[in-house]
Amino acid sequence: MQPGQPSRFEIVSRQDFSDATYLLEVRHPMMARAARPGQFVIVMSHEHGERIPLTIADFDRSRGTITLVIQAVGKTTRQMQQTCKAGTALYAMVGPMGIPSPIGRAKKVVCVGGGLGVAPMFPQARGFKENGAYVIGIVGFRTRSLVFWEDKFRSCCDEFILCTDDGSAGIKGLVTEGIRRAIAKHPDIEEVVAIGPPVMMKGCAEATRAHKIKTVVSLNPIMVDGTGMCGGCRVKIGGEVKFACVDGPDFDGHKVDFDDLMSRLRRYAQEERAAAQRWSENCRMKDLADAVGPAVELLELPDPFEDVKGG
Amino acid sequence: MAKKKTIRTIPQERTPMREQDARARAKNFAEVACGYSLEEALREAERCLLCPDEPCIKGCPVNIDIPGFIRKIGEKDLRGAYDVIAETNLLAAVCGRVCPQETQCEKVCTVGESLEPVAIGRLERFVGDAAIQNAWGRVSSVEPNGFRIGIVGSGPAGMACAADMAKAGCEVTVFEAFHQPGGVLKYGIPDFRLPNEVVDAEIENLRKLGVTFECNTLVGRLFTIEQMIDEMGFHAVFIGTGAGYPSMLGVPGDSLNGVLSANELLTRCNLLRARDFPEFDTPVPLGRQVAVIGAGNTAMDAMRVCLRLGAQKVHCVYRRSRTECPARAEEVHHAEQEGIEFHWLTAPLEILDDGKGGVRGMRCIRMELGEPDDSGRRRPVPVKGSEFDFEADQVVYAIGTNANPIIGQTSRLKLNKRGYLETDDDLATSMAGVYAGGDIVTGAATVIEAMGAGRKAARSMKAYLGMRDAQQAATGATLFGIDLRERNFARIRVA
């Protein structure tokens, strides 16, 4: 008996941006109609899978699809990198969750995307552009080979700054360097929106604090249900406890306690490492047995499996 | 017909139910209470006097014909017994397990005036289990009436409402945000109290009645309540989304990594099967020394789950005394048997940091009982200078929940001051055709109360849609308009 046999969420296309970053376009016409910039979904790749929150990178109402950009970092996202091909389906996808980003009537805005955050930043930049704002896009990557959506992003910006940590593309430096330059050139910036790793968003908030520029960040804490039910995603905003899934995910960057967020993101670090390690081992075994298949490239995992409490 | 029984002739002792040994069961997730055999059920059924007052029916929030089904058990007609229960309650196996019968039907049982009351809950469970084993379903014989009903939330309130509307001939769709239906019965109540297979079987029964379940659907965000009525063609909507939003204590250390809500712990463990990590991908924090704050049924569940996950010591920290403890007596008793340590009259002051973002322990203070407060329970007052620390590496909050904000954020429905949906006595919300019941209206309560609300809302929805119950009109309504001939609902007005 299988009550709740979920409908299939078909992956209609896939694109690989790098060794670790990939895009999935999933069919869900109803969600494509409902989605707004800044919202997220929760995805399960298979029946025994975990529920992972992913920010909606784009939605296409005419095609009836939702676009997700995923970085293979843990067991689930690496497994999805292998199994989620065009024509296959996700076990579950629920959303759009969270309060949509309020895309106001600011006349001059800076849209900052760091790494994977470039993807969900894009529909917001496009939204601001459609509302008639002067949009300064700043995107940051570690190195040139990781850059994606440069042209797409550039197309909705009046100015565009690409930053790489090693200077292999665009300017050398972090996105905060880009923000510094933008602020120096444009004293009339009304709003900065930043999406990316917590440490990057923290840097952005610090870069704008002295200038008193409104800075909105999109938080990505650990979640279970995404409907306000578990409190796992609680964050501290100006000393108050908020649930990112229903009270956010967007918050005033100047009020977010980023250190608390980063500490809480490490909560399952041990279990995550163990799961990833175990999964890699299984893949290696499978590849050894299956001499035809190409070897899976394995990430170096620092912690030995024995150290782990799980299981 | 059974011969005339008296209080002297019936078996004097309540038939005990076999349980897994406390030590063994604290290590597994199998059900604690094993259920009655036919023989045991017959013996217990014999204890019912079939008294003419039938106080138990009034004691039941959904007014099950309790003497009726017990008589059928006595006649060894289990199918008949199931049909009697299923007239008013499609979730016999669930309610037989999780209802607080001691404060409902069994509290008012006539036998209970001089002996221990008839074990109504255990008998109900026996019948419910037999129904599942034999796959007895109740296929609706009613003509479809053309009405489409949308139900938001697949927990007990939504399931009860869905059953009634489907039995009346409506086309019912239940929307659930999780990937599996069942709501709190699935994510909240652990398997050792209510196995997921039992919930699945009951859901399958609803499917047989023609109810459709749509999972992975977050109503409010994917589409709104207004859209359901205006665009999606639902003639009436019932909202049973539950209370959700767990309370945090608001003491220093709240956001440490070893601190989590009971909801999170239970959802990870029950619905996402974190207890079977790594076969299932979802991890769960494993504490060695766990402190659970609160002493309701959720707290008991959380503590017993922690034990089963391998905690060495589990403490219950509660600021009032055992007398005020809101959990069922049986749950507290089971928890005690399994080795949970209770700290009554103890309030947490601070969660202590281990310096690495985790929990090292808790600072508590002793309390004493003062004057009664608004709830009628004696208010706990701190005893000056009685602060003390104890060691713990995980703290679980089971101190209640607040209203889930999603429906409020996404609709024009009127909310009360605390954020719950405002309804009138018929459970109608401020929007025509939209009804609500269960925890999202009342705040956290029990499964059967939510089911009662679901049924009450169903009755209101039928009235709203112009369906009239001929039988009811003739005989007068009972508390929730329970009647035995719901098939006679006739559509007399097109909405």
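The values are calculated or read from the model by the stated rules, or taken from the named source; none is laboratory data. Quantities reported herein were computed from a predicted structural model and do not represent experimental measurements. Ideal geometry is used to build each Cβ from the backbone, glycine not excepted, and the neighbour counts take in all protein chains shown.
Laid out as a table, the results:
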{"item": "Residue match in segment B:416-429 (condition: within 14 Å of chain A (Cβ to nearest Cβ), under 28 Å from B:Pro326 (Cα atoms) and small (Gly, Ala, Ser))", "result": "yes"}
{"item": "Exclusive hit being touching a residue at least 24 places away in the same chain (Cβ under 8 Å), among the hydroxyl-bearing types (Ser, Thr, Tyr), part of a loop (DSSP other than H, G, I, E, B) and within 9 Å of chain A (Cβ to nearest Cβ), set B:Thr241, B:Thr267", "result": "B:Thr241"}
{"item": "A:Val216 being more than 14 Å from chain B (Cβ to nearest Cβ), touching an Asp or Glu at 6+ places or on another chain (Cβ under 7 Å), outside any helix (DSSP H, G or I) and at pLDDT 90 or above", "result": "yes"}
{"item": "Residue in segment B:266-276 that is over 21 Å from B:Arg193 (Cβ atoms) and buried (at least 20 other Cβ atoms within 10 Å of the Cβ) present", "result": "no"}
{"item": "In segment B:162-185, residue nearest to the other protein chains (Cβ to nearest Cβ) [restricted to those that are outside any loop (DSSP other than H, G, I, E, B), touching a strand residue (DSSP E or B) at 6+ places or on another chain (Cβ under 9 Å) and of a type in the set (A, V, I, L, M)]", "result": "B:Val174"}
{"item": "In segment A:40-82, residue surrounded by the fewest Cβ atoms within 10 Å (Cβ to Cβ) [restricted to those that are over 18 Å from the mean Cα position of the chain (by Cα) and at pLDDT below 90]", "result": "A:Gln82"}
{"item": "Output for segment B:255-264, where each listed residue is of a type outside the set (Gly, Ala, Ser) and facing chain A (nearest Cβ under 7 Å)", "result": "B:Asn257, B:Leu260, B:Asn263, B:Glu264"}
{"item": "Those residues of segment A:219-254 which are more than 10 Å from chain B (Cβ to nearest Cβ), crowded, with 16+ Cβ neighbours inside 10 Å, farther than 14 Å from A:Val41 by Cα and of a type outside the set (Asp, Glu), in sequence order", "result": "A:Ile237, A:Lys242, A:Phe251, A:Gly253, A:His254"}
{"item": "Qualifying positions in segment B:275-291 - touching a strand residue (DSSP E or B) at 6+ places or on another chain (Cβ under 7 Å) and more than 9 Å from chain A (Cβ to nearest Cβ)", "result": "B:Gly287, B:Gln289, B:Val290, B:Ala291"}
{"item": "Cβ pairs under 6 Å, 6+ apart, first in segment B:289-310 and of a type in the set (Ser, Thr, Tyr), second outside any helix (DSSP H, G or I) and modelled with pLDDT of 90 or more", "result": "B:Thr298/B:Ala398"}
{"item": "Candidates B:Arg47, B:Arg23, B:Arg14 - the one that is out of contact with any Lys or Arg (no Cβ under 9 Å at 6 or more places or on another chain) and either part of a helix (DSSP H, G or I) or over 20 Å from B:Pro190 (Cα atoms) (or both)", "result": "B:Arg23"}
{"item": "Filter result for A:Val118 (closer than 23 Å to A:Asp165 by Cα, in contact with a helix residue (DSSP H, G or I) (Cβ under 8 Å, 6 or more places away or on another chain) and in contact (Cβ under 8 Å) with a residue 24 or more places away in the chain)", "result": "yes"}
{"item": "Filtered residue count, segment B:200-227, keeping only those that are out of contact with any strand residue (DSSP E or B) (no Cβ under 6 Å at 6 or more places or on another chain), facing chain A (nearest Cβ under 8 Å) and touching a residue at least 12 places away in the same chain (Cβ under 8 Å)", "result": "5"}
{"item": "Total residues in segment B:134-161, condition in a helix (DSSP H, G or I) and within 13 Å of chain A (Cβ to nearest Cβ)", "result": "1"}
{"item": "Residue ranges of strands (runs of 3 or more DSSP E) in segment A:25-87 with at least 3 members within 11 Å of another protein chain (Cβ to nearest Cβ) and touching a strand residue (DSSP E or B) at 6+ places or on another chain (Cβ under 6 Å)", "result": "A:40-44"}
{"item": "Selection status of A:Phe17, surrounded by fewer than 21 Cβ atoms within 10 Å (Cβ to Cβ) and of a type in the set (Phe, Trp, Tyr)", "result": "yes"}
{"item": "Any hit, segment B:322-338, residues being over 18 Å from the mean Cα position of the chain (by Cα), among the β-branched types (Val, Ile, Thr) and at pLDDT 90 or above", "result": "no"}
{"item": "Members of segment B:60-108 found to be in a helix (DSSP H, G or I), farther than 21 Å from B:Gly137 by Cα and at pLDDT below 90, listed by number", "result": "B:Val98, B:Gln101, B:Glu102, B:Thr103"}
